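Undergrad: Following this message is one structure expressed as structure tokens.
The values are calculated or read from the model by the stated rules, or taken from the named source; none is laboratory data. A quick note: this is a predicted structure, and the numbers were derived from the prediction, not measured. Backbone-built Cβ (ideal geometry, glycine too); neighbour counts: all protein chains shown.
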Amino acid sequence: MIKLYLSIFLASLACALITTPIIRKIALKWGVVDRPSARKIHIEPIPLFGGLSIAFAFLLVFSLFGSFNIELLSVLFASLMIIAVGVWDDVKSIPPFLKLFAQISACWLVI
């Protein structure tokens with residue numbers, strides 16, 4: 001069992017380490033960055049889309065090691081909803097109410 005958990009950890013770590021620089025370059029190229037302002041402490045633009053690296057790692061591990069039953073598929077679909085809303089919010093800021101609605105909807109899918 002420990003070998004399975006170690007394999008899952010290493011696969012997700014490798015995927016995140018590989019995809020993070022790629023996604024960072026894409027975000028910079030597309031201009032999807034958080035710009036400095038008076039309310040922020042960073043002085044250079046920070047690339048967004050960081051959650052995509054974690055999402056790719058999750059999807060990779062899920063597809064390699066997951067058993068496809070209805071409960072797990074509902075978690076997958078809810079996760080995809082959260083990922084989509086996060087990317088949408090990175091590209092074009094969306095109202096907090098809409099983000100909250102999407103998160104509650106995703107929770108209801110799992111429940």
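Undergrad: From the list Phe62, Phe56, Phe9, exactly one residue is at pLDDT 90 or above and under 18 Å from Ala84 (Cα atoms). Which is it?
TA: None of the others qualify; the one that does is Phe56.
Undergrad: Does Pro45 qualify as being surrounded by 11 or more Cβ atoms within 10 Å (Cβ to Cβ), without any contact (Cβ under 8 Å) to a residue 40 or more places away in the chain and over 19 Å from Ser63 (Cβ atoms)?
TA: yes
Undergrad: Still on this structure, please answer the following. Output the number of the condition that Ser74 fails; it satisfies all remaining conditions of (1) polar (S, T, N, Q); (2) assigned by TED's automatic domain parsing to the domain that holds Gly31; (3) farther than 21 Å from Thr20 by Cα.
TA: (2)
Undergrad: Given the residues Ala14, Ala38, which is the only one that is in a helix (DSSP H, G or I), surrounded by fewer than 17 Cβ atoms within 10 Å (Cβ to Cβ) and on the phi < 0 side of the Ramachandran plot?
TA: Ala14
Undergrad: From the list Ile111, Ile104, Ile82, exactly one residue is outside the structural domain of Met1 (by TED's automatic domain parsing), surrounded by 14 or more Cβ atoms within 10 Å (Cβ to Cβ) and more than 25 Å from Met1 (Cα to Cα). Which is it?
TA: Ile82
Undergrad: Among the numbered conditions (1) at pLDDT 90 or above; (2) not in a helix (DSSP H, G or I), tell me where Glu44 comes up short.
TA: Checking Glu44 against (1) at pLDDT 90 or above; (2) not in a helix (DSSP H, G or I), the one that fails is (1).
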